[in-house]
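Participant: First, the structure itself, so that you have it in front of you.
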Amino acid sequence: MRHANVQQRLTPNDIGCLLTVFGIAASVPLAIVGRHFLQTATENTATNLIVGWTLLSIYAFFAILNFYLSAIRPWLHSRSGATDYKHVSGTPIVHTIFLALAIFALPPSLMAGILMLVLLALDTGAAHWAALAFAREFLPKRG
């Protein structure tokens, strides 16, 4: 019975949004891994390094901020024993643009690739976390 209710709530706009977020969620880690294995033609110049690391630093700031606001801050609040916790939302998927630009600006580097994947995993405002939240909302519940 619950499955029938979920099917009635899905509109073409919901399906389009769901597919877009899942597409972005899958393409970003694939682009990170692919840039390392495919050895893109990005030149190893000082300008590319400075711009690429600057873009990655901006993304890292937002990724760590999102992780702090969604995981560390509530944990610290619960440890202090206070009961009046006010949830603060982080930045949504939009800051992933900085990661995408860093993927194309930085020359292939194993260290940069691993750092990008770690930051992406920590970033609770990234597309893969949004895809998980959408899937929990729209897909039928079991049991």
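Participant: Picking from Val28, Val33, Val51, Val118, which residue would you name as being farther than 17 Å from Ala133 by Cβ, at pLDDT 80 or above and surrounded by 15 or more Cβ atoms within 10 Å (Cβ to Cβ)?
Facilitator: Exactly one of Val28, Val33, Val51, Val118 is farther than 17 Å from Ala133 by Cβ, at pLDDT 80 or above and surrounded by 15 or more Cβ atoms within 10 Å (Cβ to Cβ), namely Val51.
Participant: Of the numbered conditions (1) part of a helix (DSSP H, G or I); (2) in contact (Cβ under 8 Å) with a residue 24 or more places away in the chain, Pro108 fails exactly one; give the number of that condition.
Facilitator: If we test Pro108 against (1) part of a helix (DSSP H, G or I); (2) in contact (Cβ under 8 Å) with a residue 24 or more places away in the chain, just (1) comes out false.
Participant: Restricting the search to segment 116-135, which residues are farther than 11 Å from Tyr59 by Cα and of a type in the set (A, V, I, L, M)?
Facilitator: Across segment 116-135, the qualifying residues are Leu117, Val118, Ala121, Leu122, Ala127, Ala130, Ala131, Leu132, Ala133, Ala135.
Participant: Looking at segment 43-93 only, could you name the residues that are of a type outside the set (A, V, I, L, M) and more than 24 Å from the chain's Cα centre (by Cα)?
Facilitator: Across segment 43-93, the qualifying residues are Glu43, Asn44, Thr45, Thr47, His77, Ser78, Arg79, Ser80, Gly81, Thr83, Asp84, Tyr85.
Participant: While we're looking at this one, here's another question. I'm trying to understand the selection: among the residues of segment 54-93, which are free of Cβ contacts under 8 Å to residues at least 40 places away in the same chain and more than 21 Å from Ala133 (Cβ to Cβ)?
Facilitator: The answer is Thr54, Ser57, Phe61, Leu76, His77, Ser78, Arg79, Ser80, Gly81, Ala82, Thr83, Asp84.
Participant: Quick one: Asp84 ticks every box in (1) within 25 Å of Asn13 (Cα to Cα); (2) in a loop (DSSP other than H, G, I, E, B); (3) among the acidic types (Asp, Glu) bar one, so which box is it?
Facilitator: Result: Asp84 fails condition (1) only.
Participant: Can you find even one residue in segment 94-102 that is within 28 Å of Ile15 (Cα to Cα), of a type in the set (S, T, N, Q), surrounded by 12 or more Cβ atoms within 10 Å (Cβ to Cβ) and free of Cβ contacts under 8 Å to residues at least 40 places away in the same chain?
Facilitator: no
Participant: Tell me, which residue of segment 111-130 that is touching a Gly at 6+ places or on another chain (Cβ under 9 Å) and assigned to a helix (DSSP H, G or I) is farthest from Thr11 (Cα to Cα)?
Facilitator: Ala112
Participant: Could you please let me know if Ser70 is part of a helix (DSSP H, G or I), farther than 15 Å from Pro29 by Cβ, out of contact with any Pro (no Cβ under 9 Å at 6 or more places or on another chain) and at pLDDT below 85?
Facilitator: Against the criterion (part of a helix (DSSP H, G or I), farther than 15 Å from Pro29 by Cβ, out of contact with any Pro (no Cβ under 9 Å at 6 or more places or on another chain) and at pLDDT below 85), Ser70 does not qualify.
The values are calculated or read from the model by the stated rules, or taken from the named source; none is laboratory data. These numbers come from a predicted model, not from an experiment. Neighbour counts run over all protein chains shown; Cβ positions are idealised from the backbone, glycine included.
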